[in-house]
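Only one structure is covered here, and it is reproduced in the block below.
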Amino acid sequence: MPKKILANVVELYVTASSDEPRVIKDELQLENEGVVGDKFYGKDMNRLILITSLDAYEMVKEKDIDIEHGSLGENILVNGSIKELNLGDRFNVGDVTLEITQNCTLCNGLSKINSKLPKLLKDDRGIFAKAVTCGTIKKGDIVYI
């Protein structure tokens, strides 16, 4: 039973390799090593799952930069604020428990989309998490603490 609802899952994404485009999924399988099928699976344990809010896209749009959802590299796009979550906080998405491992750091790769993005989203691109319990996340799932 949710204690406090933070958001809902809007979209889910996987990138199999750097040579392939991001793919929208109806569900993601999460394991302790990250998102199954994602190029970052089993790599840096503090950067396994990227969660971004629509707020980041709105901030970009306010600066007259038009980008598609998924462009920020997220695995999970949500429609509510995730700013109140801090390092070490645990929260649930569907039947999966996630733990915040770090705030999303400055990504110079975003400058390939628009040179203003890295500075604009320096502290607001999203958060990284790891799966504490494994399971499936689906589009529309509730994000809650």
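The values are calculated or read from the model by the stated rules, or taken from the named source; none is laboratory data. All values reported here derive from a predicted model rather than from experimental measurement. Glycine also receives a Cβ, built like all others from the backbone with ideal geometry; neighbour counts cover every protein chain displayed. For accessibility, only protein heavy atoms count, side chains too; no ligands or nucleic acids. Shrake-Rupley method; radii C 1.70, N 1.55, O 1.52, S 1.80 Å.
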Rounded to the nearest 0.05, what FRET efficiency do Lys138 and Lys61 have when you use their Cβ-Cβ distance and R0 = 30 Å?
-> 0.65
For Lys3, the lysines lying under 29 Å Cα to Cα, once residues fewer than eight places off in the same chain are dropped, come out as Lys25, Lys83, Lys130, Lys138, Lys139
With the 8 Å Cα cutoff and a minimum separation of six or more residues, segment 1-106 has a relative contact order in percent of 27
Hey, what's the chain come to in accessible area per residue, 1.4 Å probe, Å²?
-> 54
Amide hydrogen neighbours beyond the local backbone of Ile49, cut-off 5 Å, H modeled | Ala129
Label-point gap, in nm, between Asp124 and Asn8 - each point 7 angstrom along Cα→Cβ = 2.4
Return the calculated 222 nm mean residue ellipticity for the chain, to the nearest 500 deg cm²/dmol, obtained by summing -39500 (n - 2.57) across DSSP H runs with n ≥ 4 and dividing by the residue count.
-> -2000 deg cm²/dmol
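Please identify the longest segment of the chain free of exposed GluC sites (Glu not before Pro), where exposed means a DSSP state other than H, G, I, E or B and no more than 15 other Cβ atoms within 10 Å.
Longest site-free region, per DSSP loop and neighbour criteria: 1-67.
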Leaving ligands, DNA and RNA out of it, report the carbon-plus-sulfur percent of the accessible area of the chain at a 1.4 Å probe.
-> 47
Cα extents of segment 25-145 per principal axis, largest first, Å, are 38, 27, 27
Fully extended, how many nm does the chain gain between Leu87 and Asp44 (0.36 nm per residue separation, minus their Cα-Cα distance)?
-> 13.9 nm
